[in-house]
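Participant: To start, I am sharing the structure in question, which I have written as structure tokens.
The values are calculated or read from the model by the stated rules, or taken from the named source; none is laboratory data. Here the structure is a predicted model, which is why all the values come from computation and not from measurement. Note that we place each Cβ from the backbone using ideal geometry, even for glycine, and neighbour counts take in every protein chain shown. Calculation scope for accessible area: heavy atoms of the full protein, side chains included, ligands and nucleic acids excluded. Shrake-Rupley method; radii C 1.70, N 1.55, O 1.52, S 1.80 Å.
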Amino acid sequence: MRTTLPELARMSAVGVPIAMLTCYDASFARALETCGVDVLLIGDSLGMVIQGHASPNPVTLADIAYHTAAVQRGSQKALILSDMPFGSSQISPADTFRNAVPLIQAGAQCVKIEGGSEMAATVEFLVHRGIPVCAHVGMTPQSHNQFGGFRVQGKDEPGAARMVQAARDLEQAGACMILMECIPRSLAERICDSVQVPTIGIGASPACSGQVLVLQDVIGLGPERLPRLAKDFSPGTEGVSGAVRAYVADVKARRFPDAAHCY
Ligand code: KIV
């Protein structure tokens, strides 16, 4: 039986940390869930780690649907979350719904949409029509051109207050999870205190309901200089499953992220 969104909400409510990793194919899907990963994210990071681009923005809907189907076929237990890639969620709520359909048909149980309060109407439109949405706030990589790079967001008080409000608005609109990326730890904790739905961090805080990282970074296949939010778990472990089990164990014990991996 596959993990469901209500089960993730229950884990969060009783304080059992959620371990999420990106995944793009059937072999890794099988291996990751065997190692205890609760959620497989078909992230648009595949633009970088699979396709070799410098950003996620060249990734298409067809790419995400293809990799979602592969992950779905390779796994039986983990919840499947798929990214809405750049250009697929920005035009209108109806357009976003139409674009989410092939991802759900490929096996996604939930789609992830980047953005703040301006995306609340879109989230509401999808949720009212049967498509669960995970909201992604903070350093949203599809907007890296506007940020001038992949930079920490929410460092000043007006920016932080806007992000807290965005998380509230997105929850109010029906988002079933709030993922926050590359923000100060204190802001992550304010957001966690401001919403009831599960929160997932990447460069955020160990106080989040769960954590996510890019698989390649965890197993030692990331870039030579990893961003601060990432960690290579492969040193001292045996193979892919050793590194993944070490990541899952550290997330479940709330040992990761420690101060060295927060902002
Ligand atoms: O695309 C991705 O990998 C993500 C992250 C949150 C890891 O969105």
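Participant: Being of a type in the set (G, A, S) and under 14 Å from C35 (Cα atoms) is the filter here; which residues of region 235-263 pass it?
Facilitator: The initial filter retains those residues of region 235-263 that are of a type in the set (G, A, S), namely 236, 239, 241-243, 246, 249, 253, 259-260.
Listed by number, the residues that qualify are G239, S241, G242, A243, A246, A249.
Participant: State which residue is surrounded by the most Cβ atoms within 10 Å (Cβ to Cβ) when the search covers only region 198-252 and only residues that are under 30 Å from M163 (Cβ atoms) and of a type in the set (K, R).
Facilitator: Of everything passing the filter in region 198-252, K231 is surrounded by the most Cβ atoms within 10 Å (Cβ to Cβ).
Participant: I'm checking my understanding of the structure. Among residues of region 1-23 that are within 20 Å of I64 (Cβ to Cβ) and crowded, with 24+ Cβ neighbours inside 10 Å, which one is nearest to the ligand (Cβ to nearest atom)?
Facilitator: Within region 1-23, the match that is nearest to the ligand (Cβ to nearest atom) is T22.
Participant: A further question follows. What do you reckon, is R98 among the basic types (K, R), within 27 Å of Q196 (Cα to Cα), over 18 Å from the mean Cα position of the chain (by Cα) and in a helix (DSSP H, G or I)?
Facilitator: no
Participant: Checking S27 against (1) in contact (Cβ under 8 Å) with a residue 12 or more places away in the chain; (2) closer than 19 Å to N145 by Cβ, which single condition isn't satisfied?
Facilitator: Failed condition: (2).
Participant: Looking only at region 127-163, filter to residues that are touching a helix residue (DSSP H, G or I) at 6+ places or on another chain (Cβ under 9 Å) and polar (S, T, N, Q); which one of those is farthest from Q105 (Cα to Cα)?
Facilitator: So, considering only residues that are touching a helix residue (DSSP H, G or I) at 6+ places or on another chain (Cβ under 9 Å) and polar (S, T, N, Q), the one farthest from Q105 (Cα to Cα) is Q153.
Participant: Given (1) open to solvent by less than 30 Å² (accessible area, probe 1.4 Å); (2) within 16 Å of the ligand (Cβ to nearest atom), identify the lone condition not met by V152.
Facilitator: V152 satisfies every listed condition except (1).
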